[in-house]
Amino acid sequence: MPDPVVFISSTSDDLKEYREQAAKAAAASGFSPRMMEYFPATGHAPTLQACLDKVDEAEVVVVIVAHRYGWVPADLKDSGKKSITWLECEHAWQVPGKEVLAFVVDLDYKWPVDLRENYRLVTERNEPGIGDEVKRNEEKLGQFKQKLSGYVWCTFTDVSGFRALVSEALAAWRLRHHPATTAIHHHDPETYLKALEDDTRQIRIKGLKTKRAEPYFFGIDEIYIPLTTLAAQQVDQQQRRIVLEQALSHRKIVMVGDPGSGKSTFLRRVAFELCRNLRGTLPPARHHFWRRTTSASPS
């Protein structure tokens, strides 16, 4: 059975990172994502019909709404000044059984001022009629959110936890619509990887005798001391000392060391770095090395 198609609908520039996380969640959950970034590059915005055609291809629609109203197609008469996102949702609602999973920003979350609709009064202040347009768009955005109220899966805040929210929603959708395929599809590992990254980012130091009642915690990047080991070089088979991380180029390794020599700390460091690499939170300076070790991680 082919992967279910999910169409991701939202305004663009203000929600770019959220759209990327939604697409990653879909792909990792066994769905085939579609969104306007995948349209052929023509130098022009896709037409309304092109967007609606993508909605037709999808079995489910994920819509993300914050504080921008978005593009209002001018080629549609009597549209009521509805945005493209609103029209895409309406198009999906016309198909029996096609669900719209809505994610709406938490009203109490401190959203960037420059990503709100009324910030256009600053960036487009010289445009004729911009005041009336912004006022209308803010009113229509409120109406659209009210229309979505019966379809909201959950509210969201920062982008770091958004992928897990979308993965959860898509897993629930699959269970409702394709229960027979649920067991054979991989679930998005994002929630697990985030928990593992959080768990391994610090080291608890035991055995320090101080007046402090609470244990000491240090960031693993701050306290970790690179270990070395001996390895035979391919050219002359002479043993030379290398950084232990380089041994991860082998599919299987065995670590032997005295108590307290750093075996557990090394494995925590490896788990932490691989989680950051897989989740895209690894600093660019370390990304190249750990990208290579991800494909050859130890068993």
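The values are calculated or read from the model by the stated rules, or taken from the named source; none is laboratory data. The model shown is predicted, which means the values in this text are computed figures rather than measured ones. Reconstructed Cβ throughout: ideal geometry from the backbone, glycine too, with neighbour counts over all protein chains shown. Keep in mind that these areas ignore ligands, DNA and RNA; they rest on the heavy atoms of the full protein, side chains included. Shrake-Rupley method; radii C 1.70, N 1.55, O 1.52, S 1.80 Å.
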Counting just the residues of the stretch 104-133 that are under 28 Å from L165 (Cβ atoms) and part of a loop (DSSP other than H, G, I, E, B), which one comes out most open to solvent (accessible area, probe 1.4 Å)?
-> K110
Any hit, the stretch 107-123, residues being of a type outside the set (D, E, K, R), at pLDDT 90 or above, in contact with an Asp or Glu (Cβ under 8 Å, 6 or more places away or on another chain) and closer than 16 Å to S10 by Cα | yes
Matching residues, the stretch 214-236, being open to solvent by 80 Å² or more (accessible area, probe 1.4 Å) and modelled with pLDDT under 65 = Q234, V235
Inside the stretch 192-210, can you point out the residues that are open to solvent by 90 Å² or more (accessible area, probe 1.4 Å) and at pLDDT below 75?
-> K206, L208, K209
May I ask you to list the residues in the stretch 46-73 that are of a type outside the set (F, W, Y) and open to solvent by less than 20 Å² (accessible area, probe 1.4 Å)?
-> L48, C51, V55, A58, V60, V61, V62, V63, I64, V65, A66, P73
Taking the stretch 88-128, which residues are among the charged types (D, E, K, R) and in contact (Cβ under 8 Å) with a residue 24 or more places away in the chain?
-> E88, K98, E99, D106, R116, E117
Give the residue that is farthest from E90 (Cα to Cα), with candidates limited to residues of the stretch 134-161 that are touching an Asp or Glu at 6+ places or on another chain (Cβ under 8 Å) and assigned to a helix (DSSP H, G or I).
-> V159
Considering every residue within the stretch 175-191, establish whether at least one is modelled with pLDDT under 85, over 27 Å from G70 (Cβ atoms), small (G, A, S) and outside any helix (DSSP H, G or I).
-> yes
Looking at V95, is it of a type in the set (A, V, I, L, M, F, W, C) and open to solvent by 50 Å² or more (accessible area, probe 1.4 Å)?
-> yes
Kindly provide the set of residues from the stretch 109-147 that are closer than 18 Å to V63 by Cβ and acidic (D, E), ordered by number.
-> E117
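Find the residue count for the stretch 136-153, including only residues that are of a type outside the set (S, T, Y), more than 14 Å from V72 (Cα to Cα) and without any contact (Cβ under 8 Å) to a residue 40 or more places away in the chain.
Count: 4.
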